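Here the structure is laid out as structure tokens; the discussion comes afterwards.
The values are calculated or read from the model by the stated rules, or taken from the named source; none is laboratory data. All values reported here derive from a predicted model rather than from experimental measurement. Glycine also receives a Cβ, built like all others from the backbone with ideal geometry; neighbour counts cover every protein chain displayed. All accessible areas refer to the heavy atoms of the entire protein, side chains included, with ligands and DNA or RNA removed. Shrake-Rupley method; radii C 1.70, N 1.55, O 1.52, S 1.80 Å.
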Amino acid sequence: MNENRMLQPTTIIIFGATGDLAKRKLFPAFYNLYIDGRMPKGFNIIALGRAENTDEYFRNYIKENLESFSRKKVTSEDWAGFQAHITYFQHQLDEESSYKDLYKKLQDFDAVYGMRANRLFYLSIAPNFISTISNHIKNTSLASDPKKDRIIIEKPFGHNKQSAAELNSLLAETFEEEQIYRIDHYLGKETVQNILAFRFGNSIFEPLWDHKYIESVQITVAEEVGVETRGAFYEQTGALKDMIQNHLLQILCMVAMEPPASLKSGEIRDRKVDVLKAIRRISPDQVDHYAVRGQYGRSVVGGREIKGYRQENGIAPDSNTETFAAIKFYLDNERWQDVPFYVRTGKKMKEKHSYITIQFKPLPHSTFSDTPHHLSANRLIINIQPMMDIRLLFMAKKPGLAMDLKPVEMIFDNFACQDDTPEAYETLLQDALLGDLTLFMRSDQVEEAWDVVTTIQEAWENNKDLSFPNYKAGSWGPEDSNTLVERQGHNWV
Ligand code: BG6
């Protein structure tokens, strides 16, 4: 966000550097930042892995993956410059001596920089290792300077409110809150950030942004992919914990928050917590009324058989894990009284499409009531991915002699402005290097978001859904998800 501040020399330490996230997202993001001149003048990436490897072997492995996952082309000149910053370091997560060796390595780099550099620890590992790593970092004083050292933690952050609070307390033994960067990669997406610009950078939308003019809000994150190779992880997670508790609630916060006084990270994060606090809690006996779960079953699409969730690797044949969730939320504050916020997400849906729909109320009186025209109420659609645009639907006169009306769209297309958009991880890693916490989750945000879904989570974990599988792979989810919105005279857009 603050591109112009000078970046201090930094050593980046990646735990889990041989894993999937590192090769698909982290190294490509650092490489692209490097090409764009956005890495600090002095930087080193220490890639930690359990196995014995040479720097040369690891660098080649990264290069091969960059060819597939980098946004920008890998040229020999750029690569030659970048690869010199990567060091492989054999490391055992649970052995204190490994951390002491790492300490020496960091000091060696500091000697070359000629100063104590910033340290950015990236935990790209299974959540059960966080406490081990954090304790060893504390015991070996690896992060001894609160002004210079930061830690990035991937989701899932806990698996319910209590475990998230425990994790927060544990991290607080080693790091101050301002040093902790809890990633939600949706917040780094260009179109999600644009919600702030759209809402607070214009004078014409904000006055309409409340219950007086808005009928309902819909947030859809539909994925075409299934659980791929992550069956074992997903079986313990499900759509509610994997997507709604974090990504969808964060998007909801961006849509519903009050205008912040400034773009200071504390301001924006405070306004988001206000939204989470205002979300009406769903009582246990109302879960079925406000929330719908689904699990995809086998189907045939275009003559091709698609596996159901229970046929995927690592999934129990009678699994109760939901691969789809839709919830109706209400916010108890002045702005959003009685406006339903419908959110839904699912795997193996008809298409990959993430978007927000702001449905405005119909006109109180129609001047065109004596004509055959059906007036569509105004609607704003913010397409997050794969399309990245903002569309405003309104009525216009058809050119011609008669007074005929038709709905038309006004479109702002991100791609038309810039066809080369940074990946979410580039934005987030740059912000972490700069020390800008705005797009990261604060401890209270995470705990509050867990609180919002607690009753649904408990009801779904404790009660088996006997209708599973209840939607076909390649569809828009279970029929009940339509009923959820139709009960109120609405439809999924
Ligand atoms: C991750 C979830 O956080 O987000 C995955 O764990 C999901 O299950 C992914 O597929 C979706 O991210 P994106 O950026 O592809 O929409």
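Out of Lys361, Lys398, one residue alone is in contact (Cβ under 8 Å) with a residue 24 or more places away in the chain, in contact with a strand residue (DSSP E or B) (Cβ under 6 Å, 6 or more places away or on another chain), open to solvent by 70 Å² or more (accessible area, probe 1.4 Å) and among the basic types (Lys, Arg). It is Lys361. Can you work out which of the residues in the stretch 218-232 that are near the ligand (Cβ under 8 Å from one of its atoms) and out of contact with any His (no Cβ under 7 Å at 6 or more places or on another chain) is nearest to Glu351 (Cα to Cα)? Only one residue fits best here, namely Glu223. For the stretch 136-163, a residue qualifies if it is under 18 Å from Glu178 (Cα atoms), away from the ligand (no atom under 16 Å from the Cβ) and not hydroxyl-bearing (Ser, Thr, Tyr), and the qualifying residues are Ile137, Lys138, Leu142, Ala143, Asp145, Pro146, Lys147, Lys148, Asp149, Arg150, Ile151.
Determine whether the stretch 338-349 contains at least one residue that is over 27 Å from Lys472 (Cβ atoms) and small (Gly, Ala, Ser). No.
Each residue in the stretch 292-329 was checked for being touching a Phe, Trp or Tyr at 6+ places or on another chain (Cβ under 8 Å) and free of Cβ contacts under 8 Å to residues at least 12 places away in the same chain, and 0 of them qualify. Among the residues making up the stretch 380-397, a single one is under 12 Å from Thr357 (Cβ atoms), within 16 Å of the ligand (Cβ to nearest atom) and of a type outside the set (A, V, I, L, M, F, W, C): Asn383.
Just one residue in the set Glu334, Glu305, Glu322, Glu351 is closer than 25 Å to Lys464 by Cβ and of a type in the set (Asp, Glu); that residue is Glu322. Against the condition within 16 Å of the ligand (Cβ to nearest atom), open to solvent by 40 Å² or more (accessible area, probe 1.4 Å), within 24 Å of Pro422 (Cα to Cα) and not aromatic (Phe, Trp, Tyr), how does Val192 come out, does it pass? No, not satisfied. Out of the stretch 334-358, which residues are surrounded by 16 or more Cβ atoms within 10 Å (Cβ to Cβ) and out of contact with any strand residue (DSSP E or B) (no Cβ under 9 Å at 6 or more places or on another chain)? Residue satisfying the conditions is Arg335 alone.
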